[in-house]
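Accompanying notes for the structure given below.
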Amino acid sequence: MSNATEDIRYSVAAMIDYAAALFAVAGCDGDKPQAIAKGLVEADLLGHTTHGLQLASVYLSELETGGMLARGEPEVVADRGATVTWDGRRLPGIWLATRAVDLAVERAAVLGVGTVAIRKSHHIGCLAVFLQRATDRGFMVTIASSDPAAASVAPFGGRKAVFTPNPLAVGIPTDGDPILIDISASITTNGMAGRLRREGKRFPGEWAVDDSGVPTDDPTALVGESPGALLPVGGMDHGHKGFGLALMVEALTQGLSGYGRAESPTGLGASVFVQVLDPAAFGGAVAFQRETGWLAGACRETPPLPGVDAVRLPGQRGLDRKRRALAEGVALYPGIMESLQTYAVKFGVTPPQPIMPRSTK
């Protein structure tokens, strides 16, 4: 999902300050601008460019129209110590998810487990960006999200969209880098489908069906008067696997929060599930990392298939990108800076300058 312009890089700190300034002028209070900015930039650092700063202009537009609430706190619906439920009141989703992971870590440190369900959140961006908030503490974390107001993915055997891509992320601490899993119940995301559509490109395979149920690699089949649907993970052959994942995510996010598709909500949003586990409360932190470290090593040392350099663990490439970006600056996908220019001018915020200009060779 990267394809960033590698010869143009920006200071990570400057990009966070820039995005935070835009959200502050847009009306976000307290620590919201900084949390949103960090979450968006972190996605770009990890290579999830469809869910990084590309979303900033969408969020700013939502703030302007009232689709996203700029100020205030979530409402506590229930709190039983190890489990908490919030009504997000359509506050910024990245901020809510950040707060939820931090609260779950706090509860897990005392109770062994901390779980937060959020209903009526705004969009939470890239799930992977929240994982290290837990794994850096030696905790395992699971995050899931769905949008009950949207439908773009068909159930296995069907041709009409019923649910969203329903991402699921898991952070697993090891004796080295954490394993950072970020997957979805669909073959691809709406963000990637939209990007390919705008750029006149096609899916690498038959990742969708048109409105007649015919498999297609054309992302334009997902829009129009009679839209088709993305296929669940496994596609036409083993799509029951992605279908099962989608149903689980819907139950964790909408079922546990007590609000979802049954209420026919409208507008861009999210239902969220966050759970943090402290290995020390189970078999012990040292034993946990011994097991996960062994497994990570065994995977990396597995002889690769022909044409494959080496077996990589989930998140490994993203962490390598992040380290490079922190040292040399972050490369952004083409068009991202231009998409923010209107708001920069409107709000009187000066964009940062590149630290590595485009090569003239």
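The figures follow:
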{"read-out": "Residues Thr350 and His238, FRET efficiency given R0 of 51 Å [Cβ-Cβ distance, rounded to 0.05]", "value": "0.50"}
{"read-out": "Alpha-carbon centroid distance for the pair segment 93-171 / segment 189-244, whole angstrom", "value": "23 Å"}
{"read-out": "Nearest-20 debye value, the chain charge dipole, Cβ charges on Lys, Arg, Asp, Glu", "value": "220 debye"}
{"read-out": "Hydrodynamic radius (Kirkwood) for the chain, which is based on Cα pairs only, to one decimal in Å", "value": "21.2 Å"}
{"read-out": "Of Thr188, Pro219, Leu247, farthest towards positive along the dipole that unit charges on Lys, Arg, Asp, Glu beta carbons give segment 187-266", "value": "Thr188"}
{"read-out": "Label-to-label distance, nm, for residues given as Thr342 and Asp217 (7 Å Cα→Cβ offset)", "value": "3.4 nm"}
{"read-out": "Distance between modelled label sites at Glu206 and Ala285, nm, 7 Å Cα→Cβ extension", "value": "5.1 nm"}
{"read-out": "Dipole of segment 38-155, positive direction: furthest Cα of Gln132, Leu63, Ser152, with charges on the beta-carbon", "value": "Gln132"}
{"read-out": "Förster radius 41 Å - calculated FRET efficiency between Arg312 and Glu225 (Cβ-Cβ, nearest 0.05)", "value": "0.45"}
{"read-out": "Relative intensity, log₁₀ I(q)/I(0), of segment 27-184 from a Debye sum that treats every alpha carbon as a point, q = 0.16 Å⁻¹", "value": "-0.96"}
{"read-out": "R0 of 51 Å, Cβ-Cβ distance Glu301-Val162: FRET efficiency to nearest 0.05", "value": "0.80"}
{"read-out": "Max mean-square fluctuation residue, GNM over the chain, Cα-Cα springs under 10 Å, options Ala144, Ala97, Ala193", "value": "Ala193"}
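FYI, it's all coordinate maths here, none of it is from the lab. The shown structure was predicted, so the numbers you read here are calculated from the model rather than taken from an experiment. Here the Cβ is made from the backbone with ideal geometry for all residues, glycine too, and neighbour counts use every protein chain on show.
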